[in-house]
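Notes follow the structure.
Bear in mind that the values in this text are calculations on the coordinates, not laboratory data. These numbers were taken from a predicted model, which means no experiment stands behind them. Cβ sites come from the backbone with ideal geometry, for glycine too, and all protein chains shown count toward neighbours.
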Amino acid sequence: MSAKLISGTEIREEILEEITAEVAEIKEKHGKVPGLVTILVGASPASISYVTLKIKTAHRVGFHEIQDDQPEDISEADLLALIEKYNNDDSINGILVQLPLPKHIDDKKVLNAIDPDKDVDGFHPVNVGRLMIGGDEVKFPPCTPAGIQEMIVRAGVETKGAEVVVVGRSNIVGKPIANMMVQKGRGANATVTIVHTGTKDLAGHCKRADILIVAAGVPDLVKPEWIKKGACVIDVGVNRVGEKISEKTGKKIAILKGDVDFDAAKEVAGSITPVPGGVGPMTITMLMLNTLKSLKFKLGLM
Ligand code: NAP
């Protein structure tokens, strides 16, 4: 393998240790710890496992954490009232509503009801606008794009003046990461192109990239011949392509594949993220960082 492996699992550990230390320091000096509430509606196994991991991580770094589970048939009005309760709760700095929500609830309405100053997922239109303005305006960058940028920085990849190509234009990954990489400042100042299904020469654009960020949701979409020699390749895709029995637990687990043909791409790229163990572990980590930031904003420490 010629490419350097950028391990999200290792970077996660570094950042969680930094957060834990900072939480302890703030607790000692100010008598406060960040508070995070996760609201789960219904009992989808995937959502339960995401929420459990978020709560476990919050606990690990020393946050005050609440898991507020609600029945599948909760009314939209009751869910909005619950959010309002946490908007007004001084011990809570971050409110997270686990998506997807049941069909009878308008998720846009629910996400927009969260106080933008507690919107640690960064999905509220106010925070999307702040991200677009950039600089000091940004409070809570959305977690997956923030994780991608942090990995690029910590891997020591130069972004200033770099050609960045982002495959995918979703509101949760493609558009925000493209917007972040184009701003002036740390881990950015790049020249950015977004490509999608309407793009004429996908391979040609990818081939120009010093940093190629792929968030399409198509297994093995990016071929090695689309990659510039020595480029940094960030594979955001998480695609379930089958099932296998876990050697550790003996239980059935999903076989995951990224959007990049990893085995071939690693022979061309300069650095690359694996799937699993790449971008995945960064998302919850950045959620913790945003929740800590929320308390710091409140205490006037940022
Ligand atoms: P999404 O909303 O489905 O958006 C996919 C984007 O990729 C769309 O803009 C689509 O273009 C583009 N695209 C799809 N196929 C393409 C093709 N053949 N050529 C060019 N562009 C193509 O997906 P998402 O929510 O951004 O997620 C993308 C992937 O990242 C998924 O595998 C998801 O599971 C993963 N993900 C991982 C994390 C994490 O690790 N923490 C977080 C979020 C997402 P159009 O707009 O033209 O349709």
Hey, what do the phi angles of the range 240-252 turn into as Karplus ³J(HN,Hα) couplings, whole Hz, using 6.51/-1.76/1.60 and θ = phi - 60°, x for Gly and Pro?
-> 7, 10, x, 9, 8, 8, 5, 5, 6, 9, x, 9, 5
Along the principal axes of its C-alpha atoms, what lengths does the range 180-249 span, in descending order and rounded to whole Å?
-> 46, 31, 24
Under Stokes-Einstein, the range 142-216 at 37 °C and 0.692 mPa s, with its Kirkwood radius over C-alpha pairs, diffuses with a coefficient in µm²/s of 271
Specify the inter-centroid distance of the range 1-20 and the range 57-120, based on alpha-carbon positions, in whole Å.
-> 29
Shape category assigned to the chain from the gyration tensor of Cα positions, a/c cut at 1.5 = prolate
Over the Cα atoms of the range 102-148, what Rg and Dmax result, in angstrom?
-> 11.5, 38
Mean shadow of the range 206-302, computed from the convex hull of its alpha carbons, in nm²?
-> 8.7
Given Cα pairs under 8 Å that are at least 6 residues apart, what percent is the relative contact order of the chain?
-> 21
Above 20 angstrom, tally the Cα pairs of the range 123-274 and express them as a % of all pairs, no decimals.
-> 49
Semi-axis lengths, Å, the range 1-63, gyration tensor of Cα atoms, sqrt of 5 times eigenvalues | 25, 23, 6
Packing-ranked peptide list from 156-163, 286-293, 207-214, highest mean Cβ count within 10 angstrom first, is 286-293, 207-214, 156-163
Relative to the longest principal axis of the C-alpha atoms of the chain, give the angle of the C-alpha long axis of helix 143-154, reported between 0 and 90° and rounded to the nearest 10°.
-> 50
List, in the order given, every pair from Lys200/Lys251; Lys175/Lys248; Lys184/Lys298; Lys85/Lys244; Lys139/Lys266; Lys29/Lys175 whose Cα-Cα distance in the structure shown is over 32 Å.
-> Lys200/Lys251; Lys175/Lys248; Lys85/Lys244; Lys139/Lys266; Lys29/Lys175
Fewest Cβ neighbours within 10 Å first, please rank Tyr50, Tyr86 accordingly.
-> Tyr50, Tyr86
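So if I take the alpha carbon set of the range 72-151, get Rg, then get Rh from the Kirkwood formula, what is the Rg over Rh ratio? List each step's numbers first, then the result.
On the way: Rg = 13.6 Å, Rh = 13.5 Å.
That ratio is 1.00, to two decimals.
What does the C-alpha gyration tensor say about the overall shape of the range 119-184? Classify as rounded when a/c is under 1.5, otherwise prolate if a/b is larger than b/c, or oblate.
Prolate.
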